[in-house]
Structure formats: structure tokens, C-alpha cells
Amino acid sequence: MANPGVSDPSVKGRQVVFVRPHSVVQNELLAELIRNEYAVAVLNDHTRVLDLFRLYPDCIAFLNIDEGYTEPEWEGLVRKAGEEQAFCDVRLGVLSYNTDPELSHKYLLELMVPCGFIKLSLDLAESTKTVLKVLEANEAKGRRQFIRVPCAKGSASLNVALGTKTLHGTVVDISSVGMACRFDDDPAFVARTLVKNIQLKLKGVLCQVSAVVMGSRTDEEGRTLYVMLFDPKTLDTTREKIRGYLKKALQSQLEADLNGSD
């Protein structure tokens, strides 16, 4: 993902980034957004915000103006982002516990941040509902329904108990509803095969799933890549484990992109 902003966000969706988020946002709201299939990550270093915009020129960024910079510095950054042509597709929102109406007036009516001024409250459900409405209004998912992430080398594997033998393989990419994978020894699965007793190992977390083979193709190395859909009856606890992996993968990708731009 050398330049995440090249393709059309109306198709692939927009990366959602929370800059210096409050702990309640980082711990709970992000998990809820992942459940709703939004691609989210955190930028804890507020001094890298403009680097973020260069790398993800069509991202949605929520700025926590209660931390990091002083409020006038945050205002200056928002103004700068609004003036630079390169950042014209970045969509900013502001998060704050500050209830001063003049502050929200400034960001909404003077600076016209497209994703609003969200007054956080101790009622996380209300704040989450507001953020979800903003993301929906800004079509953050694009045309895709589910987050699908590539699996970093060595981070995701699978075993399948097949009769008396066990197949070992690698997960190439994964979503909450399915995956693409390849095996060390090709089992020659045909479309519509139900594969039971699949054990996934996602960054050390074990999940037990069943899946239906939807098809296959040959990858760049000439090996067979199988596309599988998880059983709709997959336990919620299992899907939560998969979403936990998605969250970590999205975060790792953002950090790798930023580190690569140093």
C-alpha cells in the first residue's frame, strides 16, 4: 500500500483515523466501528497529522483537540489543511469534551469541518451513534460491505483436519465473513466444498471455523489461492476474535506507511 489514496474512495471506502483519541474512544468506540465494518486506526503522534494527510489524501480524520496541541494550534492546523490543495479531499472532524458553544461554532461555521464537531459525553453509546452517522453521511465504506485486510507474513495461518491428515496453510487476506488462503499441499478443493474443522491462528489467537469454498485462482507464485466464506452460523465470539485481528492489522498498516515516509 505504497500510496493508499490512489484509488477511488467511492469504491474502496475511506481510511478513518482518530488523532490523539481519548482512552474511551480508543478502547471502545473503535471496536464498535470495526463491528460496523469501518476501516479505523489511531494516530497518537499529533505532530504527524500532515504526514498522515499526504499518505491518505482521502481519509476521514477526527482530531481530539483536548490533547496534544493547544486549541489555537489545532485551529491553525485545521486552517492549513483547508488551504492546501493537496489536502482538499481530506475530511476532518473534531472530538472534544469541551461544551463551549463558541468553540463548536468556530469549527462548524468558520472552519466548516465537514465531519462536524462531536461533543463527547460520558454516554459512549450516544457519541458512537453520532460518529456512525457522520461516517455514513460521508460514505466512509464506499461500495464495499466488509473490511478486508492483507495478512502480514507470518501473522495468519490455518490448519484443516481432513480425515487422518492435517492440512497446513497461510491466510493471505481476511474479513469478518471470509478469507483467501493457500495450502502447503494443495487439497484441490472444488467450488461449493464445505470445509469443516478449520483452525485459524491470527497473531497467536486461535479461532475455530467452518467455511465454503467459493472459488480459486492462481496467485503470482503459481500456487492455488482459495476464496472461502465462513459459515453464517459462526459464533459471535469467533467473529470478535477475527475483528480483533483486523483492528491490529489496520493499525500496523498505518504505522508501517507512516514509518516508511520518514
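Bear in mind that the values in this text are calculations on the coordinates, not laboratory data. As the structure is a prediction and not an experimental result, all values here were calculated from the model. Cβ coordinates were reconstructed from backbone atoms using ideal geometry, including for glycine residues, and neighbour counts include every protein chain displayed.
Is the shape of region 215-262 best called rounded, prolate or oblate, per the rule: a/c under 1.5 gives rounded, else a/b larger than b/c gives prolate, else oblate, with a ≥ b ≥ c the square roots of the Cα gyration tensor eigenvalues?
Working: a/c = 5.23, a/b = 1.17, b/c = 4.45.
Cα axes put region 215-262 in the oblate bin.
Since only Ile242, Ala86, Leu108 are under comparison, the one whose Cα sits farthest along the positive direction of the charge dipole of the chain, derived from C-beta charges on Lys, Arg, Asp and Glu, is Ile242. Rounded to the nearest Hz, the phi-derived 3J(HN,Hα) couplings of region 167-174 under the Karplus curve 6.51 cos²θ - 1.76 cosθ + 1.60 (θ = phi - 60°) are 8, 10, x, 10, 8, 8, 8, 8, where x marks glycine and proline. Its alpha carbons considered, the chain gives a radius of gyration followed by a Dmax of 20.6, 70 Å.
Given their separation in residues at 0.36 nm each and the Cα-Cα distance between them, Met214 and Leu229 gain 4.7 nm when the chain is fully extended. Look at the dipole of region 9-145 built from charges on Cβ: of Val16, Gly142, Ser127, the Cα furthest out on the positive end belongs to Gly142.
Could you tell me how many cubic angstrom of Cα convex hull volume region 9-145 has per residue? Can you show the working numbers first?
On the way: hull volume 13.3 nm³, N = 137.
Taking only Cα atoms, region 9-145 has a hull volume of 97 Å³ per residue.
Along region 15-28 the Karplus relation, 6.51 cos²θ - 1.76 cosθ + 1.60 evaluated at θ = phi - 60°, assigns HN-Hα couplings of 5, 9, 10, 9, 9, 6, x, 4, 4, 5, 5, 5, 8, 10 Hz to successive residues, with x for each Gly and Pro.
Evaluating 6.51 cos²θ - 1.76 cosθ + 1.60 at θ = phi - 60° for every residue in region 103-111, the Karplus couplings come out as 5, 5, 4, 4, 6, 7, 9, 8, 8 Hz, glycine and proline recorded as x. Close amide H contacts of Phe62 (hydrogens built in the peptide plane, cut-off under 5 Å, sequence separation of 5 or more or a different chain): Val17, Phe18, Val19, Gly93.
If a/c stays under 1.5 just call it rounded; otherwise compare a/b with b/c (prolate if a/b is bigger, oblate if not). Do that for region 149-244, with a ≥ b ≥ c from the square roots of the Cα gyration tensor eigenvalues. Rounded, because the longest to shortest axis ratio a/c is under 1.5.
What percent do you get for the relative contact order of the chain when only Cα pairs under 8 Å and 6+ apart count?
17
Highest mobility in the GNM of the chain, judged by mean-square fluctuation with C-alpha springs under 10 Å and restricted to Arg192, Arg35, Arg239, is found for Arg192. Model label sites at Leu108 and Asn259, defined 7 Å from Cα along the beta-carbon direction, differ in position by 4.1 nm.
Filter the cross-link list Lys133/Lys203; Lys12/Lys233; Lys12/Lys165 down to pairs whose alpha-carbon distance in this structure exceeds 30 Å.
Working: Lys133/Lys203 32 Å; Lys12/Lys233 27 Å; Lys12/Lys165 39 Å.
Long pairs (Cα-Cα over 30 Å): Lys133/Lys203; Lys12/Lys165.
Once fully extended, how much extra length lies between Leu194 and Asn159, figured as 0.36 nm per residue of separation less the alpha-carbon to alpha-carbon distance? Each step should come with its number before you reach the end.
Details: separation 35, 0.36 × 35 = 12.60 nm, distance 1.48 nm.
Result for the pair: 11.1 nm of gain on full extension.
Summed over qualifying helices (DSSP H, 4 residues or more, each -39500 (n - 2.57)) and divided by its residue number, the chain shows a 222 nm mean residue ellipticity of -8500 deg cm²/dmol. In a fully extended conformation the segment linking Glu83 and Ser252 would gain 57.8 nm over its present Cα-Cα distance, using 0.36 nm per residue.
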